[in-house]
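Engineer: Could you have a look at this structure, given as structure tokens, before my questions?
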Amino acid sequence: MIGRTLSHYRIEASLGAGGMGEVYLARDLALGRSVAIKVVGRALDPALQARLLREAQACARLQHPAIATFYESGDTAEGVFIAMEHVRGETLRKRLGRGPVDVADALTIGSAVLEALNHAHAAGIVHRDIKPENIMLAGPGTPKVLDFGLARMAAEAGEGGPTATNLSVDQVLGTFGYMAPEQLRLGDADPRADLFACGAVLYEMLAGRAAFPGSNAAERIAAVLSREPPALTGPGIAPELNRLVLRALSKHPGERYQTAAAMLSDLRSVAAGEQGSALPETLAVIDLRNLSGQPGDDWIGSGIAESLTSDLARIPGLVVISREKLLRVGRPPAGGGEAPADALEVGRLLGCRWIVSGSFQRLGPVVRITTGLTDVGTGHVVAGEKLDGSIEGIFELQDRLSRTVAASLHLRVPTGRRLSPGERDVEAFEYHARARRLWQRLEKGTLEQAGDLYRRAIDLESTHAQALSGLAALHAMRFTFTTSPEELRTAAEYARRAIAADPRLAEPHVWLGYALMREDRLSEALDEFEQASELDPALVFAPYFAGCVEIFRGRPDEALPHLQRVVTLEPQHGFGWLNLGAAHCGLGQFQEGQWCCERAVALEKIQGPVATTGAAAHVAECLRLSGDLAAAREACFAALDAVERSDHMYRDSSRGIALCVLGRVTLDQGDTAAAGAALHQAVEHITGRERTLGGGHLIVQALAGLARAGDGEHHLDRALQIFELRRPYNFSRLWTCSDDTTLLELARAARALGREDSPTLLDRAVAAGSFEARRLAEQTAVHSNRNQGAEPQC
């Protein structure tokens, strides 16, 4: 396997082998990172492979600092593979080879594992194979739970399945000596089975020996089913700790801890708060619940949460979950279902250590705010605050809340608030808070309603930086509908005012950069995006647009790290995946490009937070470039079907792109009738929509394709005229809507017609950064040198 490529993973070294497959170190060619990839061979039961694949895919929802991140699973000729984060360090098994673990370190490791299980169980996932081999120590006492490849949905527990009695030792779903009795007898594994295994690991760390030893599988099974482990003794092992571990190891699920949170709570009590945390301090602030019974007051709860998030994010050593991610987790799933029941459940799903939640009640000008800081792992409220004050004094109340939360974590809010001096008008704060609710939650009429509220805030406070930044974003996004240069000028004006009001705010740099990018001032735009990333490294749109700029400049190699960062920060960023695919294709890496575009297509189906429409057209372009024309044609039809069912803001652009790609594919197939039909539709589509983003490139490509298909040289003349004059259509850049692609299509048409300007057009396409044009030019040169007369078709 070494040196081979599975999907977009190049196998580099073996990391180990087990009964369920081999684990390799691999290089992710699409995302430029090292991964651990487990290959489950074809020798296993196909039904078991399918089950592992389904269960592994379910684990994609897990994201916790004590869990090795699951990336993806797939099916190849070699078998099922599971790709996950490559964690450097040593396994707990290797550490145990040197003897017992110090009590304090054992409690720290056990606590982190229980926090990981708390998160997994909240997401409905049971690990089923907790053991020292699956706990990696990534640093001094810092654990990562590995290998959720055997995990199953908790809702499926009790459906029955493979057990120690109907599988061979090599096939059993778990590890003897750590599997709970009910797991051995029935193949059943609810969350309490994971707690049994955690108890066995804790016992082994403290005792330096297995809780259920045996020289073979049968002896270990017998020990689990019929024997009690000896009591723990030794320095630092209190009776309470012994009782805790033995309770976890009870043979009857009802006598064990019922939740990871309950076991974690007792473990921390035993440690008397002395053991340090092995995990980063992560915190999320939930919107305060409105107890007033007046929906018009909801802005108070979200506004306070916004301000607290902003203040706490400035504390060194504290990682604050972004509002966008928090709101996404708190909403009902796109496919239906219910939103998380309470703040604690949201915290568990987010995988954070702390959650700030609470409520407010307003009575006229008076407001009472009640908040609590909750340990997500145990559910304990470690600090609470009840504040009474006036709406006019809401900023003072927010300051006090920030200081209280920070003090409870033994941290301190830096001096100097993020709010600029002018942002102290309560009515302006209300308008801004209401506008943010509309903007972030994508409610009906978001843009216009939010814009009106932002403008009211600015009428009251001309230096309200966040409201100014909101208007910059609004006008930048309106440009995608109108393609009016005035929208870009207005966006840039508001962004500059926001920067002047608060130079520490990152978002206005993004929207100023966007306006500059659309005005073709690419170097200036890149400077703004880089400054935004410096101010807020978690702001995903800064590296996204920086990557777009590098693609537009014909530098896909420079775009890669920006776009790889985007999908690492936000794996559901559909446009991030799409443009990462463009960067790979620009480097001739069509397989990696196709894989990235397929991620965007998958996100369209679940309507991720930054979903595309018609991304299958870009899958088709990757397939065309790699020579699979039949599959490319089918992908074009899939893209058109998706676009027709969408009301996406890029719908018109995406439909034009899909038709033009279909035209190229069918021309490459020699099907000029189908090409003519697709390209005529593209021309008609764009002709009636002159403001379509990138429509100028699309109509030129379509006309050039019609000329290439033999529909008349006048199409090429019209295409050249539109391209050189750049009117009346919009020539904004998108992937395939750019000079490199458009010039290549013009060159192909000119070549098909035997025109003298074809070499010049091909040279211009090469200069614009077209990989395909460069490849065709090189082929032409080779043929020319061989003096074969006939040159390759463009």
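The values are calculated or read from the model by the stated rules, or taken from the named source; none is laboratory data. Please read all numbers here as calculations on a predicted model, not as lab measurements. Cβ placement follows ideal geometry from the backbone for every residue including glycine, while neighbour counts extend to all protein chains displayed. Note: areas computed on protein heavy atoms with side chains; ligands, DNA, RNA excluded. Shrake-Rupley method; radii C 1.70, N 1.55, O 1.52, S 1.80 Å.
Engineer: Give the Cα extents of the range 497-552 along the principal axes, in whole Å, largest first.
Structural biologist: Projected onto the principal axes, the Cα atoms of the range 497-552 cover 30, 22, 12 Å.
Engineer: While we're looking at this one, here's another question. Based on the Cβ-Cβ distance of Met1 and Leu587, what FRET efficiency does E = 1/(1 + (r/R0)^6) give at R0 = 25 Å, to the nearest 0.05?
Structural biologist: The pair Met1/Leu587 has a calculated efficiency of 0.45.
Engineer: Under the rule of at least 5 residues apart or a separate chain, name every residue whose amide H is placed under 5 Å from the amide H of Val80.
Structural biologist: Val40
Engineer: Let me ask you something else. Evaluate the charge dipole of the range 645-752 about its Cα centre and quote only its size in Debye, nearest 20, assuming +1 on the Cβ of each Lys and Arg and -1 on the Cβ of each Asp and Glu.
Structural biologist: Computed about the Cα centre, the dipole is about 260 debye.
Engineer: List, in order, the whole-Hz ³J(HN,Hα) value for each residue of the range 463-471 obtained from phi through the Karplus relation with A = 6.51, B = -1.76, C = 1.60 and θ = phi - 60°; use x for Gly and Pro.
Structural biologist: 10, 6, 4, 6, 5, 4, 5, x, 5
Engineer: Another question, if that's okay. Once you put a point 7 Å from the Cα of Ala77 and another 7 Å from the Cα of Ala673, both along the Cβ direction, what distance in nm separates them?
Structural biologist: 3.7
Engineer: Please compute the length gained on full extension between Asp557 and Ala781, using 0.36 nm multiplied by the number of residues separating them and subtracting their Cα-Cα distance.
Structural biologist: So the chain would gain 78.1 nm between Asp557 and Ala781.
Engineer: In whole Hz and in residue order, list the ³J(HN,Hα) couplings for the range 551-556 that follow from phi through the Karplus curve 6.51 cos²θ - 1.76 cosθ + 1.60, θ = phi - 60°; x for Gly and Pro.
Structural biologist: 5, 4, 7, x, 10, x
Engineer: Using only Cα atoms, what Kirkwood radius does the range 223-293 have, in angstroms?
Structural biologist: 15.4
Engineer: Next question. Taking only DSSP H segments of four or more residues, each worth -39500 (n - 2.57), what value at 222 nm results for the chain once the sum is divided by all its residues, to the nearest 500 deg cm²/dmol?
Structural biologist: Per the formula, -16500 deg cm²/dmol.
Engineer: Counting alpha carbon pairs within less than 8 Å and at least 6 residues apart, what relative contact order, in whole percent, applies to the range 502-626?
Structural biologist: This gives 17 percent for the range 502-626.
Engineer: Could you work out, for the chain, what percent of all Cα-Cα pairs fall into each 10 Å distance bin, beginning at 0 Å and stopping at the bin that holds the largest distance?
Structural biologist: Calculated over all Cα pairs of the chain, the distribution is 3, 12, 20, 21, 19, 14, 8, 3, 1, 0 percent.
Engineer: Quote the relative contact order of the chain in percent (integer), defining contacts as alpha-carbon pairs under 8 Å separated by 6+ residues.
Structural biologist: 6
Engineer: Work out Dmax and Rg for the range 436-539 from the C-alpha atoms and quote the Rg first, both in angstrom.
Structural biologist: 13.0, 36
Engineer: So if I restrict to the alpha-carbon atoms in the range 626-704, what is the Rg, and what is Dmax, the biggest pairwise distance, in Å?
Structural biologist: In Å, with Rg to one decimal and Dmax whole: 12.0, 34.
Engineer: Return the distance in nm (one decimal) between the two label points of a simple spin-label model at Glu396 and Leu15, each offset 7 Å from Cα along Cα→Cβ.
Structural biologist: Each label point lies 7 Å from its Cα, and together they span 5.6 nm.
Engineer: What percentage of the solvent-accessible surface of the chain, computed with a 1.4 Å probe over protein heavy atoms, is contributed by carbon and sulfur atoms?
Structural biologist: Accessible surface attributable to carbon and sulfur in the chain totals 50 percent.
Engineer: For the chain, what is the accessible area per residue in Å² when the probe is 1.4 Å?
Structural biologist: Dividing the accessible area of the chain by its residue count gives 40 Å².
Engineer: If I model a spin label as a point 7 Å beyond the Cα along the Cα-Cβ vector, how far apart are those points for Glu448 and Arg727 in nm?
Structural biologist: So the two model labels end up 3.0 nm from each other.
Engineer: Counting alpha carbon pairs within less than 8 Å and at least 6 residues apart, what relative contact order, in whole percent, applies to the range 457-532?
Structural biologist: Relative contact order of the range 457-532: 28 percent.
Engineer: How would you order 617-628, 216-227, 685-696 from highest to lowest mean count of nearby Cβ atoms within 10 Å?
Structural biologist: Output ranking for 617-628, 216-227, 685-696: 617-628, 685-696, 216-227.
Engineer: Still on this structure: Which residue, Gly303, Ser265, Ala709, has the largest displacement toward the positive end of the dipole of the chain when charges sit on each Cβ (Lys, Arg +1; Asp, Glu -1)?
Structural biologist: Ser265
Engineer: Ranked highest first by average number of other Cβ atoms within 10 Å, how do 98-106, 486-494 line up?
Structural biologist: Sorting 98-106, 486-494 by mean packing, highest first, produces 486-494, 98-106.
Engineer: How compact and how long is the range 599-752, expressed as Rg and Dmax of its alpha-carbon atoms in Å?
Structural biologist: Rg then Dmax for the range 599-752, in Å: 14.4, 45.
Engineer: In the structure displayed, which of Lys38/Lys251; Lys131/Lys605; Lys38/Lys94; Lys144/Lys605; Lys131/Lys251 lie more than 26 Å apart, Cα to Cα?
Structural biologist: Lys38/Lys251; Lys131/Lys605; Lys144/Lys605, as the Cα separations exceed 26 Å there.
Engineer: What are the ³J(HN,Hα) values, in whole Hz, obtained from phi via the Karplus relation 6.51 cos²θ - 1.76 cosθ + 1.60 with θ = phi - 60°, for each residue of the range 609-622 in sequence order, with x given for Gly and Pro?
Structural biologist: x, 10, 6, 8, 9, x, 5, 4, 5, 7, 4, 4, 5, 4
Engineer: From largest accessible area down, sort Ser758, Ser533; use a 1.4 Å probe on the protein chains.
Structural biologist: Ser533, Ser758
Engineer: Taking the Cβ-Cβ separation of Ala383 and Arg209 as r and a Förster radius of 51 Å, what is the calculated FRET efficiency to the nearest 0.05?
Structural biologist: 0.80
Engineer: Can you tell me how much longer the chain between Lys605 and His648 gets when fully stretched, taken as 0.36 nm per residue apart minus their C-alpha distance, in nm with one decimal?
Structural biologist: Going from the current span to full extension adds 14.2 nm.
Engineer: Could you work out the equivalent-ellipsoid semi-axes for the range 539-611, taking the square root of 5 times each eigenvalue of the Cα gyration tensor, largest first, in whole Å?
Structural biologist: Working from the Cα gyration tensor, I get semi-axes of 18, 15, 8 Å.
Engineer: Assuming R0 = 45 Å, what is the FRET efficiency of Ser269 and Gln294, from their Cβ-Cβ distance, to the nearest 0.05?
Structural biologist: Once rounded, the FRET efficiency stands at 0.60.
Engineer: In addition: By average Cβ neighbour count within 10 Å, what is the ranking of 539-545, 455-461 from highest down?
Structural biologist: 539-545, 455-461
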